[in-house]
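Q: Before I ask anything, here is the structure I am working with.
Any read-out appearing in this document is the output of simple, stated calculations on the displayed coordinates, not a laboratory observation. What you are looking at is a predicted structure, and each value in this text was computed from that prediction instead of being measured. Cβ placement follows ideal geometry from the backbone for every residue including glycine, while neighbour counts extend to all protein chains displayed.
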Amino acid sequence: MKLKVGLIMFIILGLSFTLFQVFIKDNPTMISKKEAEAIATNLYGGKVLKAKANQENSNYQVSLENEKGIYHLNVDSKTKKISNVRLVERKETLITIEEAKKNMEKELNGQVNQIKQVNKEGQSFVEATVVKNGKNYRVEYDLKEKAIVSNKEIKSPLETSPSISEQKAKEIALQQMNGQVTNVSIVTGKNGENYKVTVDDHPKGAHVYVQANTGEVSSISSYSKEKPKPPIEVENDSDDDNDNDFDEDDQSDDSDDSDD
């Protein structure tokens, strides 16, 4: 009897051990939601936006965001493997300010002195001051398109203001022609700004153009104040005959009157 009881207990323990091994093998320990989130961020970086368990297949559905965009993926709660990874929203790829600086210097063959990032209508740009061949340029660079969208020369105060005074321009003009200065104005020509000095020496005069930055005489335009003589009118012969005829008739009439 005791032998039978012992044999039965042995069989029960053996079956229990076998069932326990089978259960452990087929049903490993399920990970928690926090562990699933950690697995996802360790592999893809960024931060988890949302995570929830899927009761049908024992997976965790995780949404995370990193520098490339927003991803949806599954984390197996048993094997800890990631599957079904999808990029559902891609972020705009913007280059850094340092990269934009290098691109501008290479393209313009100049040196960037000042640079800052600005946002216009939801788009990112950088504005920079670039020095090239001794001149300053204001450059606008699109960080998304990686291209220069605006490039304008900056006129310095020394370039926009005349280097010589108006009085000096008058003196230079009078060295070219004697007379009296009657008018001075500033005009822009191919060589930049010029003083247009009008010198009057009756009955003639001249416009003397003096470069505002260098004081050199660009050109002299003379003019005459004499009134042009009226053109000589040439009468037709038929008209002359008619006029003569008209005069003769007048004379005959006069002679008849004298006889009376």
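Q: Regarding the stretch 110-200, what's the average projected area of the Cα-atom convex hull, expressed in nm²? Could the numbers behind the result be given before it?
A: Details: hull surface 34.7 nm².
Its Cα hull, projected and averaged over all orientations, spans 8.7 nm².
Q: Now a separate question. Show log10 I(q)/I(0) for the stretch 64-122 at q = 0.26 Å⁻¹, two decimals, from a solvent-free Debye sum over equal Cα scatterers.
A: Values, matching the q order: -1.07.
Q: For a Förster distance of 41 Å, can you work out the FRET efficiency between the beta-carbons of Ser150 and Asp201, rounded to the nearest 0.05?
A: Rounded to the nearest 0.05, the efficiency is 0.20.
Q: Using Cα-only point scatterers and the Debye equation, what is log10 of I(q)/I(0) for the stretch 90-142 at each q in 0.24, 0.27 Å⁻¹, rounded to two decimals?
A: -0.89, -1.05
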